[in-house]
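Q: Below you will find the structure I want to go over with you.
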């Protein structure tokens, strides 16, 4: 412990005695620290969102839908393929009670909603309570549809309230505006409390029993399975079928979470079997393997993260080479001192320790400065520049400082070894 | 502390066959002797002293220090021997200018792992002994040549060595300071410490008990 403390003391004296050299070393390491911390927080954010995504979306996902190509590919003209009804969905559920989610749904992307004296266009989806089991990124006011609503086909509905969109450039804005045919609906829901109100959907009266507020983008997990149907209104699937709000002969989609990635393939085969038994051998349905998509998305996120972290590491290597250069220069500038220390009894180990401790101290101070700068860059500067801000957790600067010290330490091994290898007599002769 | 060398040669690298500084010299120094090594510049005096002080290794030959074959010792044992048994005084003092006089004296004790209070106390005592009371906090740059050499002497005494090696200790000093340093060295020798001093000053050499005269890397009988 004492040799170490002595080395620290000498290190401080050296850092103080060579201010310019020390400042340059600090900078070299600090730059690495800033980049690394930035990379770190970006990666952490991705990781966190992926974990959240797994939690919210599940992994073992698939979707069964009608194979629409079958309807048109017959040379004899349009053929009506079998469609999935609510009863089919119930039978499916009964056959696979172990699945985490079996959510039948259908939608009508253009429904006319009437409220007071307003008539607006909105998309409506028919669902069951199972809909909430996955990708539920909302806060709910009022209540959601329950099984009684579905079984009895009650005329109740839940409206979605859109979150404030993230800031975007004018081009994106205009594109968004161009295709946003439900803007009127969004305005209505965000300006009026619709809970408990009576509305008409395609002329049929419904009671609004709940409002789903979308989480702001920053708090939403990455949704891999971004829903193409931006439904605005949710109602019991049975009610919509009974009142003919869907097109006739419409087939339901069934979203499934088998609950377990491991026997996913087995589940797929059982489902294919179920469909064949119930509807016959005709390739009438498509089973979309969403697990693959989720995995691809995760691995591409991981790849992107590795890219970022490798940039951070490169920055550290650059900083480390800076420290190595400085330490090597120090060794040559202090050769006579090394000779004196060796003459009065310092061992090779003492000399190595001294230079490595000194370099580690440069790394430590550089890391501290860099973490401070990294925080300033990561939060206030990015806010001022209008860039997206990644969360900085308290342990990130600590890790960054640790790596700065480690880098400096590792890169000082060679110069320290050179210093320790000098022959005392030669070192004393140096000017 | 006895020194026994036989057939010591040292060839420095450079040129076709190197440059020989010592050409097979053999001698013995008994414990408690005061030996002056004399000879003209470039005759190998300092090389010999460096070898005796374990700062350099001979190209061939044997060297035993108090009966131990020091050339076969690993580097850290030789470092320990330098620290605990040998004290050096150099012509150009070799003090660290960033440290105070007291800190310079503490250096060998620091490597010996002494605790700092004891170190300070001993440094003060040694500086008093060489007549530098009150200058403990001065750095070498604030001291005169004679004072610097006295700091170096205090430093060489830090771990109570049994052998003091002085390489032209008065070479950079005026005559008054030279006399003072010589008086200190003679006093230490009287206390039983073996002293080996390199000098080309015949008057100083006369103060030593015995002279080893070197000429072109050989002992002049």
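The values are calculated or read from the model by the stated rules, or taken from the named source; none is laboratory data. Model, not experiment: these values are computed from the prediction. Because the Cβ atoms are built from the backbone with ideal geometry, glycine has one as well, and the counts that use them run over all protein chains shown.
Q: Of the residues A:33, A:57, A:25, which is within 15 Å of residue A:356 (Cα to Cα), away from chain B (no Cβ under 14 Å) and crowded, with 17+ Cβ neighbours inside 10 Å?
A: The conditions single out A:25.
Q: From the list A:359, A:381, exactly one residue is more than 14 Å from every other protein chain (Cβ to nearest Cβ), in contact (Cβ under 8 Å) with a residue 24 or more places away in the chain and in a helix (DSSP H, G or I). Which is it?
A: None of the other options fit; the residue is A:359.
Q: Further question on the same structure: Considering only helices (runs of 4 or more DSSP H) fully contained in the range A:1-111, which possess at least 2 residues that are at pLDDT below 85 and more than 30 Å from residue A:264 (Cα to Cα)?
A: Result: A:2-17, A:19-57.
Q: Here are the criteria: (1) in contact with a helix residue (DSSP H, G or I) (Cβ under 7 Å, 6 or more places away or on another chain); (2) closer than 24 Å to residue A:336 by Cα; (3) more than 9 Å from every other protein chain (Cβ to nearest Cβ); (4) surrounded by fewer than 21 Cβ atoms within 10 Å (Cβ to Cβ). Tell me which single one residue B:105 does not satisfy.
A: (4)
Q: Something else: Does the range A:185-198 include one or more residues that are part of a strand (DSSP E or B) and either surrounded by fewer than 11 Cβ atoms within 10 Å (Cβ to Cβ) or on the phi < 0 side of the Ramachandran plot (or both)?
A: yes
Q: Within the range B:172-200, track down each residue that is surrounded by 16 or more Cβ atoms within 10 Å (Cβ to Cβ) and out of contact with any strand residue (DSSP E or B) (no Cβ under 7 Å at 6 or more places or on another chain).
A: B:172, B:173, B:177, B:178, B:180, B:181, B:182, B:184
Q: Counting only residues that are surrounded by 16 or more Cβ atoms within 10 Å (Cβ to Cβ) and in a loop (DSSP other than H, G, I, E, B), how many does the range B:140-170 have?
A: Looking only at that region, the number is 9.
Q: Also: Being within 25 Å of residue B:199 (Cα to Cα), within 9 Å of another protein chain (Cβ to nearest Cβ) and either surrounded by fewer than 22 Cβ atoms within 10 Å (Cβ to Cβ) or without any contact (Cβ under 8 Å) to a residue 60 or more places away in the chain (or both) narrows it down to one of B:84, B:75, so name that one.
A: Only one candidate passes the filter, namely B:84.
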